[in-house]
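A short write-up of the structure that comes next.
The values are calculated or read from the model by the stated rules, or taken from the named source; none is laboratory data. None of these values were measured; they are calculated from a predicted model. In this analysis, Cβ positions are derived from the backbone assuming ideal geometry, glycine residues included, and neighbour counts consider all displayed protein chains. Heads up: the accessible areas ignore ligands, DNA and RNA and are worked out on the full protein's heavy atoms, side chains in. Shrake-Rupley method; radii C 1.70, N 1.55, O 1.52, S 1.80 Å.
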Amino acid sequence: MNRLPKEAVTFFFADIEDSTQLIKRLGEGYPYVLEKYHQTIRHTLDKLQGKEVDTAGDGFFAVFSSPAMAIHSAVMAQWAFYSQPWARKAGLKVRIGIHSGEAVAASTGYIGLEVHRASRVCNAAHGGQVLLSQATIQQLKERFNEGSLTFEDLGEFILRGFEQPERLYQLDIPGIPSNFPPPRTETPSPTVAVLPFANLSGSPEQDYFGDGMAEEIIIALNKVPGLRVVARSSSFAFKGQNLNIRELGEQLGAKAILAGSVQKHDGHIRVLAELVDSETGYNLWAGKFERELSDLFAVQDEIAQNIATALKIKLISKRVRNIKSRHSSDIQAYDRYLQGRQYFYQFSPESIQKALQLFREAVKQDDSYALAYCGLANCFAYLFMYIDNAEEYLLAAGSASRRAIELDPLLSEAFVAYGHYLSLENRFEEAERAFQQALELDPKLFEARYLFARLFYAQGKLEKAAYWFEEANRVRPEDYQSLLLAGHVYAGLGKKEKAMAAQQRGLDVAESSLLLDPGDIRALYLGANGLASMGEKGKALEWLERALALQPHDPMLLYNAGCVYAILGMTTEALSCLEQAYEEGITQRGWYANDSNLDSLRAHPRFQALLGKMSSN
């Protein structure tokens, strides 16, 4: 049997909102309005090389060779419907949906699931609104420039007839009202927060075990389509705080809170867990497990499955890896890995050395433990970037990440570690492929999106860097780093409004983080950068000085201090910090060469000498 050819196109669907009521109201005048509506869309197709596929009543189906053309067509059409006297007099409201994908090109039109998806995107819109799918946004390869058009991320929604959530964007057209109710879809994806499990073992040194248990559940739930999970950094910030469930839900933006306790003794564990509705305080699910320690992973998987069931989320086993499949069956190796991960998250030179030793012990205990090799690769990359620009660290990061992929070619974290290593080697095309592979394995993995953005930034590909910083924030909205860095990149692109909006959002999140952890130096120095960019010199210097007082020799802090001082016109201070950052280990020339914060320093002899030193090395 011959297969019909598939085409990659952008689908354009339009229809009239409340057409039945419009027919009743206009009576014999409706055919005239319908014909004018069809003529308007056909005019845009003629102008922008669109192809009419089908019309049925007030429905209109067309395709374009590029998403940019489809978007231009939507803008032209909505402007006509909003401004033309005939349309205003009739009270005509047209909704438009745009989606990019592949479909079978048959003699009768286009056939396939993506056609139905595009139709559902249109159905989700309101009259006067243009909705776009994430696939369309991703395919906008070149800078889209149509006045001051923006794309507003509305979040994830379940389209009618589809099980997996679709991220929808609204096209905002200047001069046309853009305040609409939420999309007409199924129930939005619920959000759950997992708190650190309380340690009931009687020894504070065992806290890492409860933290690790909660984190594994977070990782497992993050892979469940249709569910949003609050990041570890946010939920763990409430560790030890005596807040009620409603307060936790409000601060974390979570519908449900998972809390629990774990007790480890003589090769056995006792785990108590409960999932609570943050609005009502009612239990959605509770469980008690008394097992052998070797059954730990099965307990974690059962908890994750029960959470999904309680929130009415369908787990698809072929797409969601269970916790057991990611870890060593050797509990001692797992124990070392958990301790190493806890130290790694502290991101200090001392803690990284401790993490490195523990990851080494984990792979010594079990040489086939892929995640432990990822931990080793991440530690070596950190040492190379921030402590000592020694080739041995870089080679070790490459060796460990390759070993992780060999052991588990389905482990997304392994490809992230490998991509990070390749980026440090300046093997940019290979790094891009590694990050793309990581995202294919786990589309919601924050680290893959965030480091992808950093990769593009190092190459000076600012449009792509901004896109991926925004994408990172979409999977972790409580992350201030991705927002503030997106704002910084937008500023470099000359997109002042977008820069200000991202920086303000980032500052709001950073301030919330500092309320929970006043010693978060990254929040302080990235926040200082945002404040300086927004003209708040006094507050920017205050935040920066607080960070420098806490860790005056931190290389990333020194680099960012140089950026802040440069923005504020404090040239001598900026150059001194940048030179010190280089000496302390920040040797990535691409950062210095492409960072728009440093534009005021480029002609300065000291800055030129610093770049020359990097080139020679």
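What to note about this one:
- Selection of the range 553-567 for residues being open to solvent by less than 30 Å² (accessible area, probe 1.4 Å) and either at pLDDT 90 or above or in contact with a His (Cβ under 8 Å, 6 or more places away or on another chain) (or both) yields LEU557, LEU558, TYR559, ASN560, ALA561, GLY562, CYS563, VAL564, TYR565, ALA566.
- Yes/no for ALA566 being under 26 Å from ALA390 (Cα atoms) and free of Cβ contacts under 8 Å to residues at least 60 places away in the same chain: no
- Filtered residue count, the range 418-433, keeping only those that are small (Gly, Ala, Ser) and not in a helix (DSSP H, G or I): 0
- Counting only residues that are open to solvent by less than 60 Å² (accessible area, probe 1.4 Å) and touching a helix residue (DSSP H, G or I) at 6+ places or on another chain (Cβ under 7 Å), the range 277-295 holds 6 of them.
- Subset of the range 266-276 (residues that are in contact (Cβ under 8 Å) with a residue 24 or more places away in the chain, over 11 Å from ARG291 (Cα atoms) and surrounded by fewer than 20 Cβ atoms within 10 Å (Cβ to Cβ)): none
- Condition check for LYS288: closer than 30 Å to GLU440 by Cα, at pLDDT 80 or above and touching a strand residue (DSSP E or B) at 6+ places or on another chain (Cβ under 6 Å): no
- LEU383 being open to solvent by 10 Å² or more (accessible area, probe 1.4 Å) and either under 26 Å from ALA581 (Cα atoms) or in contact with a helix residue (DSSP H, G or I) (Cβ under 8 Å, 6 or more places away or on another chain) (or both): no
- Residue within the range 405-416 that is closer than 17 Å to GLY212 by Cα and among the aromatic types (Phe, Trp, Tyr) present: no
- Residue in the range 434-443 that is open to solvent by 20 Å² or more (accessible area, probe 1.4 Å) and either touching a Pro at 6+ places or on another chain (Cβ under 6 Å) or at pLDDT 95 or above (or both) present: no
- The lone exception for LEU455 - which of (1) open to solvent by 20 Å² or more (accessible area, probe 1.4 Å); (2) closer than 22 Å to SER482 by Cβ it fails: (1)
- Residue match in the range 70-90 (condition: free of Cβ contacts under 8 Å to residues at least 60 places away in the same chain, surrounded by fewer than 23 Cβ atoms within 10 Å (Cβ to Cβ), charged (D, E, K, R) and part of a strand (DSSP E or B)): no
- Qualifying residue in the range 438-457 (condition: of a type in the set (A, V, I, L, M), over 12 Å from the mean Cα position of the chain (by Cα) and more than 24 Å from LEU507 (Cα to Cα)): yes
- Matching residues in the range 416-426 - criterion: being modelled with pLDDT of 95 or more and open to solvent by 30 Å² or more (accessible area, probe 1.4 Å): TYR418, HIS420
- Within the range 333-344, at least one residue is modelled with pLDDT of 85 or more and among the aliphatic types (A, V, I, L, M).
- Among residues of the range 102-136 being on the phi > 0 side of the Ramachandran plot and in contact with a Phe, Trp or Tyr (Cβ under 9 Å, 6 or more places away or on another chain), the one that is surrounded by the most Cβ atoms within 10 Å (Cβ to Cβ) is GLY128.
- Hits in the range 569-616 (condition: touching a residue at least 60 places away in the same chain (Cβ under 8 Å), of a type in the set (A, V, I, L, M) and open to solvent by 30 Å² or more (accessible area, probe 1.4 Å)): ALA593
- Any hit, the range 33-56, residues being outside any strand (DSSP E or B), in contact (Cβ under 8 Å) with a residue 40 or more places away in the chain and under 32 Å from the mean Cα position of the chain (by Cα): no
- Counting only helices (runs of 4 or more DSSP H) that sit completely within the range 347-408, those holding 3 or more residues that are closer than 29 Å to GLY519 by Cβ correspond to 349-365, 370-382.
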